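Q: Encoded as structure tokens, here's the structure I'll be asking about.
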Amino acid sequence: MAKIMVIAGGEWQCPIVQTAKSMGHTVICSNLYEDSPAFTYADVGEVADVLDREKNLWIAKKYKPDAVLTDQSDIAVPTVAYVAEQMHLKGIGEEKAELFTNKYKMREFCEKHGFPSPVCYHCTDYREAEEALKKLGRAIIKPLDSQSSRGIYIIDSPEQLKEVFEKSMSYSNNEKAVLVEQYIEGTEFTVDGVKTASGYQVTAISRKNHFSYNPNVANELLFSWKDADYDYKELEELNIEMVTEMGLPFGMSHAEYKYMDGKYYLIEIAARGGGTKISSDIVPFMSGVNSNAKYINMLLGKQEHCNIQHDMSKYSVLGFLDFREGHVTRISGMDRARQVPGVLEVALHFKEGDQIYAAQDDRSRVGHYLLVADSYEQLRSREKQMKDSIVIEYGR
């Protein structure tokens, strides 16, 4: 079988490493930490920052993989493209990797091709950001090329901008710049898809809800093929048109949109599967397609086709647990929660003895769960049963 190099080895890369192993491949995984979760499942773990292109290229030259990839990680996409090109392996190319990770490039693309997107300004210093805020009024500031909602803030005044500008800038990776852009009021959606020899097809759509105390951080992604308030067919067709126009040659995509004034506005789009196990767990349930396995096969030169199943009765949810702040002294009920029918996974990101806080970004959420069902009512019933099973006790 083949040798596969996976760049990034956190919790969300474990599924694609496991998929590659289940297909009989040897896996080399690189990540910043010696105790990276995905190293447990890989044949070889090599310590390297995913942003360090040359170190990852050195690892590739050492092991000579047949394919190099990542999933559920934006910041690894440019490194994967670079290593693939240098090793003469199949990949999406550095130009496409830049388009699918640089938010300003996305905005330029949308403006050029007539897709709705927020008015935005590329700012390299505070003065430019202040001028942009004056033009926009209420705005949102975000790093040029980060992930996990880090460094994203809603700003209404110069005082707020001054408070968060350096924080936001610190999360930009390849270029020290931020975007100050029009704040789009409205409901947010995600759209996942896969490009195979059958063309590009949508594999899952979700409607997002957010924490009441932080509108930039989602507390739920509800997946279905229909919505009483929004036209999912229109959203699906828009996403197909956009990804096709952007020229994704093959592989997975994950996009986020907001709906305002009768239009779906692109917030961002990535050339990888949805994080927190959307691509590995939710997509197969909602579409009947194992896009991770197809992605690996395509990288190895195999021709793959898709037959997406739009089962209107299916629902699934990626939810994020929220508990009051405090010092946790005891956790109970997790085994009961995991035994609820339809629960694919439920996990806490803290332990007894920890102090927990309200979520500031995607990575600081205190727990998550993935749950599937054959109807909306069944989904919510199972969700309540699962949540009621978990008991958190606090001390002083």
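Q: Could you check how many percent of all C-alpha pairs in region 187-316 are farther apart than 21 Å?
A: The answer is 36 percent, as a whole percent.
Q: OK, next. In whole Å, how far is the Cα centre of region 42-58 from that of region 202-264?
A: Spelled out, the Cα-based centre of one part sits 32 Å from the other.
Q: How many nm separate the modelled label positions at Glu98 and Asn290, each set 7 Å beyond the Cα in the direction of the Cβ?
A: 3.7
Q: What ratio of Cα Rg to 2.2 N^0.38 Å holds for region 1-113?
A: Region 1-113 yields a ratio of 1.07.
Q: Moving to a separate point now. Looking only at Ala60, Ala38, Ala197, which one moves most when the chain is put into a Gaussian network model with springs between Cα atoms under 10 Å?
A: Ala197
Q: Taking R0 as 51 Å, what's the FRET efficiency between Arg336 and Thr244 from their Cβ-Cβ distance, rounded to 0.05?
A: Between Arg336 and Thr244 the formula returns 0.65.
Q: Roughly what % of DSSP beta bridges within the chain run antiparallel, to the nearest 5?
A: 85
Q: Mind listing the phi-derived Karplus ³J(HN,Hα) values for region 300-317, rounded to whole Hz, using 6.51, -1.76 and 1.60 with θ = phi - 60°, and x for any glycine or proline?
A: These are the phi-based 3J(HN,Hα) values: 8, x, 8, 8, 10, 10, 10, 10, 6, 9, 9, 7, 5, 7, 7, 9, 8, 9 Hz.
Q: Still on this model: Please rank His349, His25, fewest neighbouring Cβ atoms within 10 Å first, as an exposure proxy.
A: His349, His25
Q: Mean residue ellipticity at 222 nm from the helices of the chain, using -39,500 (n - 2.57) per DSSP H segment of n ≥ 4 over the full residue count, to the nearest 500 deg cm²/dmol?
A: Value at 222 nm, helices only: -9000 deg cm²/dmol.
Q: So for the pair Trp58, Asn174, with labels modelled 7 Å out along Cα→Cβ, what separation do we get in nm?
A: Result for the modelled spin labels: 2.2 nm.
Q: What is the gain in length, in nm to one decimal, between Tyr394 and Ser381 on full extension, counting 0.36 nm per residue of separation less the C-alpha to C-alpha distance?
A: So the chain would gain 2.0 nm between Tyr394 and Ser381.
Q: Right, next: To the nearest 20 debye, what is the magnitude of the charge dipole of region 24-89 about its Cα centre, counting +1 on the Cβ of each Lys and Arg and -1 on the Cβ of each Asp and Glu?
A: The calculation lands at about 260 debye.
Q: Principal axis lengths of the chain from Cα atoms, whole Å, largest first?
A: Largest to smallest, the principal-axis extents are 54, 52, 43 Å.
Q: Let me ask something additional. Using the Kirkwood radius built from alpha carbon pairs, what does the Stokes-Einstein equation give as D for region 119-182 at 20 °C and 1.002 mPa s, in µm² per second?
A: 194
Q: Taking the Cβ of each residue in Ile240, Ile154 as the centre, tally the other Cβ atoms inside 10 Å and list the residues starting with the fewest.
A: Listed from fewest to most nearby Cβ atoms, that is Ile154, Ile240.
Q: For Tyr126 paired with Asp43, estimate the spin-label separation in nm (one decimal), with each label point 7 Å from Cα along the Cα-to-Cβ line.
A: If labels sit at Tyr126 and Asp43, their model points lie 5.3 nm apart.
Q: Still on this structure: Return His254, His210 ranked ascending by Cβ neighbour count within 10 Å, so the fewest neighbours appear first.
A: His210, His254
Q: How high is the FRET efficiency between Ala197 and Met312 when r is their beta carbon distance and R₀ equals 35 Å, given to the nearest 0.05?
A: It comes out at approximately 0.85.
Computed from the coordinates by the stated procedures, all read-outs in this text should not be read as laboratory data. Everything numeric here is computed off the predicted structure, so don't read it as measured data. Heads up, the Cβs are rebuilt from the backbone with ideal geometry, glycines too, and the neighbour counts pull from every protein chain shown.
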